[in-house]
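Some notes on the structure that comes next.
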Amino acid sequence: MGIYNSNSPWFATSLVNNRYLDILEIRPIPASMDDKKVTIPSQYTHRPDLMAYDLYQDFKLWWVFAQRNMDVIQDPIYDFVPGVEIYIPKAAQLRQKLGL
């Protein structure tokens, strides 16, 4: 494993020669029956980190929204706009999946 914390999108990506990150190893966030469908509110325009903090008390989990909603969010910042409907994993289930 790499040198990143378990809340990082690069956690599963290994190091090459103990110096460089290898090709990104995607950390899938699988769909769950308990996921909540929400419409991104205007206060979070281009700020998935703020929404992650409000929902999970951890701004570093911003990448979860893009991974869970790959069909809707191509760019995790600029596609994060009001009116877009996304699925949000429950905090407890997300922490369990990520090992937090």
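At-a-glance table
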| quantity | calculated |
| --- | --- |
| The stretch 66-89: number of residues that are outside any helix (DSSP H, G or I) and in contact (Cβ under 8 Å) with a residue 40 or more places away in the chain | 10 |
| In the stretch 34-52, the residues that are in contact with a Pro (Cβ under 7 Å, 6 or more places away or on another chain) and either within 18 Å of residue 87 (Cβ to Cβ) or not small (Gly, Ala, Ser) (or both) | 35, 40, 41, 45, 48 |
| Verdict on residue 53 being out of contact with any helix residue (DSSP H, G or I) (no Cβ under 7 Å at 6 or more places or on another chain) and either of a type in the set (A, V, I, L, M, F, W, C) or not in a strand (DSSP E or B) (or both) | no |
| The stretch 45-100, subset under 15 Å from residue 5 (Cβ atoms) and of a type in the set (Gly, Ala, Ser), residue surrounded by the most Cβ atoms within 10 Å (Cβ to Cβ) | 52 |
| Contacts under 8 angstrom Cβ, first residue in the stretch 25-54 being polar (S, T, N, Q), partner loosely packed, with under 11 Cβ neighbours inside 10 Å, 6 or more apart | 39/83; 39/85 |
| Residue that is nearest to residue 10 (Cα to Cα) [pool: residues in the stretch 56-65 that are part of a helix (DSSP H, G or I) and without any contact (Cβ under 8 Å) to a residue 40 or more places away in the chain] | 64 |
| Hey, residue 92 in a loop (DSSP other than H, G, I, E, B) and either out of contact with any Asp or Glu (no Cβ under 7 Å at 6 or more places or on another chain) or at pLDDT 90 or above (or both) or not | no |
| Within the stretch 15-31, tally of residues that are surrounded by fewer than 14 Cβ atoms within 10 Å (Cβ to Cβ), of a type outside the set (A, V, I, L, M, F, W, C) and assigned to a loop (DSSP other than H, G, I, E, B) | 6 |
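The values are calculated or read from the model by the stated rules, or taken from the named source; none is laboratory data. The shown structure was predicted, so the numbers you read here are calculated from the model rather than taken from an experiment. Neighbour counts are summed over all protein chains in view; Cβ atoms, including those assigned to glycine, are modelled from backbone coordinates with ideal geometry.
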